[in-house]
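Worksheet: the structure to be examined is printed underneath.
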Ligand code: NA
Ligand code: NA
């Protein structure tokens, strides 16, 4: 059997294992190890298993995930989020799906404090979802909106993936980062519009406040909303003043959450224990899946499948529009299975020369790439952001509900992508101001 | 059976306590490093290496058994939701036995690696050298404990499949979170 | 018999060495009559820097780009040699020195590759100098005091010796850290101005050389594969190496020059340190030799003095060779063949 057919058989086997209730991380990992065994032999397969999980996890920039999970959990267990959502409910009482819109906006704001999409979803999942569920929002809408809005984390700076892309493509890091701002905001606006339209058409998704809210009530509640905004602004301030790097910001955020909880006299032993335990459970279950994802990327590298698909692109170098469309299709397909970094490492080197050949602006292309990676974070079967949300909500909401809730947003993302492709200025306007 | 359950409970709980030290240690050490750098023009040398090797590995691998104990590792239930309860239990029993065996292979592989890295006295080089081989041992420990939980649960699922054990309680409903509007 | 060699490195897709490797692979394929082919995985798509040496040993890949600094405890001898980067002023000289040393004049070096990693060492190069990229104009030793400086291992010692604060910032965060003032200076080769965008945040570059890294061996082949090859196939592999190494190193030098020209135009300043700081650099580099030897002993390198002496002897030899024969690429490639690669038993 050729490597390529082993790769395709591997994907089929993966889908089968997933359907049979095999834990996702294990399904990904075992298919990959067996695949590598078939292609490169048992020593290679065992070597991958013995070493790569360690070297992947023992990585500084990943520390933002446990730290932002801890921040979110402390904020949740100490009740720092309640007043804010109460206020949002009162102030946005006239807006269909108001809390989901507010959560999307909060994710967008938090994206300015977080360098990664998974970390953004980790922090915001605990903060936003229970509050929406408390007000009887549809579980699919509540979870889906945060899973998707979490992906703004890599588009709005700081962004670890965008920096890695910029170094890959040897383009200006600062221009690449700033290029993500408007597309990030645009994505968020599209999500918000989608929420409003869906909730308008189907009010059951997000029950409205029954009684008329008075302006007095609205202003009274404002006095107590400060903890969460202070927390988020504290972290953003820490980054932009140069006090912390974007990874250190996560630890600062967790620490600030403890400090604010203590100031409000809400930091009990139970809050501490529950926050730490939930964060650890989240960290371990997310990384267990991420590890499987890494191994799958290695297996795919051997199978040559991504390369095979990407080489199709090199043959299309005549028509720029066709090139972009086929590239989008390939990225979205591979993004179903591969992790963000793996996808970038495997596909970018093959397709970039084709884009350079037709004179594409590589900063614009970078924005598209990040957008592809973000869509990959929420598409089944390997959608890490969805698993982050699943680890936050636990048993109570089935995975299918979250993926279904995400589905609508993927449509919105594809519309956004089409806009970004049609109007490169959306991405390039800000970077051009820097010249 | 009960003794095995109690032993695994104690084991996974102890590993959680160690993991708690890792996650809190990560936060505290990074904040101290940041404070030293910004206020006292100094630094806690080796922070990046200690965070990467010890705290991260501790957070990611030590809680694995506890997560499995609570059935927190994500699975897709959609395609098997039509199965009767006892058939699901039988399927889970088979799947968990296979997964348990696979995790034992993973345990042995990381155990051998830990042994080799201990012999090499593995270090990471940052602004100072940091000895990191002890962190390698958290993999076989965390994954091994998860394997044992998995195997015990497999036996229990077979028990349910053949009616020797009562069915597993259903997950808590969403009700606890819902507040009247 | 046709043989496929899987090659892995972690260099970015646009790194100048990658196209040269592809060129090399094509030449080997042609010279072996199409019997040796390569499958290459760049940019960590198969193995990260940390995973490559063990990965080649265990057969995940057949050949790869080894950087011992990523696996310091597994490659103590390689790391010991890496410490001498600080005394490397001339990349051409040190490229000759290091290849000759590891292939023929240092049994421990060869053993580390062949016995520990079951791999045949075949090619390394010395990189162009590391220099400081700073946010503000740092000229004197006094200017350096209290500055937050990125640099590892020996370079962290240097920072401490200058009264600066060695800060460990992740490579992917270094640009942003410079931009926002989390750090004041970062250490990298001159090309980082462009390839890592340092030039947008750190516009002051102290061009005094702090040594050129030579712990990166760009082509190593699993012994199991090497042993399977016929003499003709091995010849095809070996005889093309001088060109690969020569082109790589001259490309680095050229890139440095181009970046200086381009960024000078943009208003960035490339300058020498004031005499006191310059002298401090030189003295630190000279005194570092004894520190490196002590560290080598600590890491269980046998007889580190002997290796250091051999290194110095070869340095003198290659300095003289280049002085006598000239420094153009053709000559350098010829010298590599004549002094080193023609002597490999195939
Ligand atoms: Na961000
Ligand atoms: Na996906």
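Among what's in region C:161-170 and is modelled with pLDDT of 90 or more and within 7 Å of chain B (Cβ to nearest Cβ), pick the residue that is surrounded by the most Cβ atoms within 10 Å (Cβ to Cβ). It comes out as C:166. Residue check: residue A:359 meets all listed conditions (1) more than 16 Å from ligand 2 (Cβ to nearest atom); (2) part of a helix (DSSP H, G or I); (3) under 18 Å from residue A:322 (Cβ atoms) but one, namely (2). Annotation note: of A:146, A:118, A:65, A:74, the sole residue that is closer than 25 Å to residue A:288 by Cα, within 16 Å of ligand 1 (Cβ to nearest atom), within 11 Å of chain B (Cβ to nearest Cβ) and surrounded by 24 or more Cβ atoms within 10 Å (Cβ to Cβ) is A:65.
Residues of region A:334-348 that are assigned to a helix (DSSP H, G or I) and either away from chain C (no Cβ under 13 Å) or buried (at least 22 other Cβ atoms within 10 Å of the Cβ) (or both): A:335, A:340, A:342, A:343, A:344, A:345, A:346, A:347, A:348.
Could you check region B:100-147 and list, in sequence order, the residues that are facing chain C (nearest Cβ under 10 Å) and outside any helix (DSSP H, G or I)? Within region B:100-147, B:121, B:122, B:123, B:124, B:125, B:126, B:127, B:128, B:129, B:131, B:132 meet the criteria. Does residue A:196 count as away from chain C (no Cβ under 14 Å), more than 16 Å from ligand 1 (Cβ to nearest atom) and either surrounded by fewer than 20 Cβ atoms within 10 Å (Cβ to Cβ) or under 30 Å from residue A:351 (Cβ atoms) (or both)? When the stated conditions are applied, residue A:196 passes them.
When the strands (runs of 3 or more DSSP E) confined to region C:52-160 are screened for residues that are under 19 Å from residue C:188 (Cβ atoms) and either more than 14 Å from every other protein chain (Cβ to nearest Cβ) or under 20 Å from the mean Cα position of the chain (by Cα) (or both), those reaching at least 2 such residues are found at C:63-67, C:130-134.
Let's see how each residue does on (1) outside any helix (DSSP H, G or I); (2) within 14 Å of chain A (Cβ to nearest Cβ):
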position: C:173; (1), (2): no, yes
position: C:208; (1), (2): yes, no
position: C:237; (1), (2): no, no
position: C:259; (1), (2): no, yes
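For beta carbons closer than 8 Å, sequence separation of 6+ or different chains, a first residue in region B:63-78 that is closer than 14 Å to residue A:289 by Cβ and a second that is assigned to a loop (DSSP other than H, G, I, E, B), the qualifying pairs are B:67/B:73; B:73/A:23; B:74/A:23; B:75/A:21; B:75/A:22; B:75/A:23; B:76/A:21; B:76/A:381.
Screening A:131, A:170 for residues that are crowded, with 24+ Cβ neighbours inside 10 Å and more than 13 Å from ligand 1 (Cβ to nearest atom) leaves exactly one candidate, A:131. If only residues of region C:175-188 that are more than 16 Å from residue C:277 (Cα to Cα) and more than 8 Å from every other protein chain (Cβ to nearest Cβ) are counted, the one that is nearest to the chain's Cα centre (by Cα) is C:188. Yes or no: residue A:177 away from every other protein chain (no Cβ under 13 Å) and either within 13 Å of ligand 1 (Cβ to nearest atom) or within 17 Å of the chain's Cα centre (by Cα) (or both)? So residue A:177 does not fit the description; no. The single condition among (1) more than 23 Å from residue A:369 (Cα to Cα); (2) touching a helix residue (DSSP H, G or I) at 6+ places or on another chain (Cβ under 8 Å); (3) away from chain C (no Cβ under 14 Å) that residue A:238 does not meet is (3). For the structure I just gave you, tell me whether residue A:314 is within 16 Å of ligand 1 (Cβ to nearest atom), more than 10 Å from chain C (Cβ to nearest Cβ) and farther than 16 Å from residue C:41 by Cβ. In short, no. Go through (1) part of a helix (DSSP H, G or I); (2) facing another protein chain (nearest Cβ under 7 Å); (3) surrounded by 20 or more Cβ atoms within 10 Å (Cβ to Cβ) one by one and return the number of the condition residue B:79 breaks. Going through the list (1) part of a helix (DSSP H, G or I); (2) facing another protein chain (nearest Cβ under 7 Å); (3) surrounded by 20 or more Cβ atoms within 10 Å (Cβ to Cβ), residue B:79 breaks only (3). Of all the listed residues (A:353, A:306, A:320), the sole one being at the interface with another protein chain (Cβ under 10 Å from one of its Cβ atoms), away from ligand 1 (no atom under 16 Å from the Cβ) and surrounded by fewer than 24 Cβ atoms within 10 Å (Cβ to Cβ) is A:353. Selection of helices (runs of 4 or more DSSP H) fully inside region A:16-101 by the criterion of at least 1 residues being closer than 28 Å to residue B:110 by Cβ returns A:24-40, A:42-57, A:64-77. Please verify whether residue A:85 is buried (at least 24 other Cβ atoms within 10 Å of the Cβ), within 13 Å of chain B (Cβ to nearest Cβ) and more than 16 Å from ligand 2 (Cβ to nearest atom), treating the condition exactly as stated. For residue A:85, the condition - buried (at least 24 other Cβ atoms within 10 Å of the Cβ), within 13 Å of chain B (Cβ to nearest Cβ) and more than 16 Å from ligand 2 (Cβ to nearest atom) - is not met. Does residue A:386 qualify as being buried (at least 17 other Cβ atoms within 10 Å of the Cβ) and within 11 Å of ligand 2 (Cβ to nearest atom)? Taking the combined requirement at face value, the residue satisfies it. Taking the criterion of being more than 16 Å from ligand 1 (Cβ to nearest atom), closer than 16 Å to residue A:330 by Cα and in a helix (DSSP H, G or I), the residues of region A:362-408 that qualify are A:365, A:368, A:372, A:375, A:376. Pull up region B:16-67, narrow it to residues that are buried (at least 23 other Cβ atoms within 10 Å of the Cβ) and not in a helix (DSSP H, G or I), then point me to the one that is farthest from the other protein chains (Cβ to nearest Cβ). In this case the residue turns out to be B:62.
Residues in region C:23-50 that are over 30 Å from residue B:117 (Cα atoms) and assigned to a loop (DSSP other than H, G, I, E, B): C:32, C:33, C:34, C:35. Count of region C:17-50 residues, restricted to those that are crowded, with 17+ Cβ neighbours inside 10 Å and farther than 23 Å from residue C:227 by Cα, is 12.
Does residue A:109 satisfy the criteria of being in a helix (DSSP H, G or I), in contact with a helix residue (DSSP H, G or I) (Cβ under 9 Å, 6 or more places away or on another chain) and either surrounded by 21 or more Cβ atoms within 10 Å (Cβ to Cβ) or within 14 Å of chain C (Cβ to nearest Cβ) (or both)? No; evaluated as a whole, the condition is false for this residue.
Among the residues that make up region A:389-405, is at least one of them surrounded by fewer than 21 Cβ atoms within 10 Å (Cβ to Cβ), more than 14 Å from chain B (Cβ to nearest Cβ) and without any contact (Cβ under 8 Å) to a residue 40 or more places away in the chain? There is no residue in region A:389-405 that is surrounded by fewer than 21 Cβ atoms within 10 Å (Cβ to Cβ), more than 14 Å from chain B (Cβ to nearest Cβ) and without any contact (Cβ under 8 Å) to a residue 40 or more places away in the chain. Of everything in region A:241-269 that is in contact (Cβ under 8 Å) with a residue 12 or more places away in the chain, over 16 Å from residue A:115 (Cβ atoms) and in contact with a helix residue (DSSP H, G or I) (Cβ under 8 Å, 6 or more places away or on another chain), the residue that is farthest from the other protein chains (Cβ to nearest Cβ) is A:264. For residue A:95, the test of being away from every other protein chain (no Cβ under 13 Å), modelled with pLDDT under 90 and either away from ligand 1 (no atom under 16 Å from the Cβ) or on the phi > 0 side of the Ramachandran plot (or both) is passed.
The values are calculated or read from the model by the stated rules, or taken from the named source; none is laboratory data. Remember, predicted model here, so these are calculated numbers, not experimental data. So basically every Cβ, Gly included, is an ideal-geometry build from the backbone, and we count neighbours across all protein chains shown.
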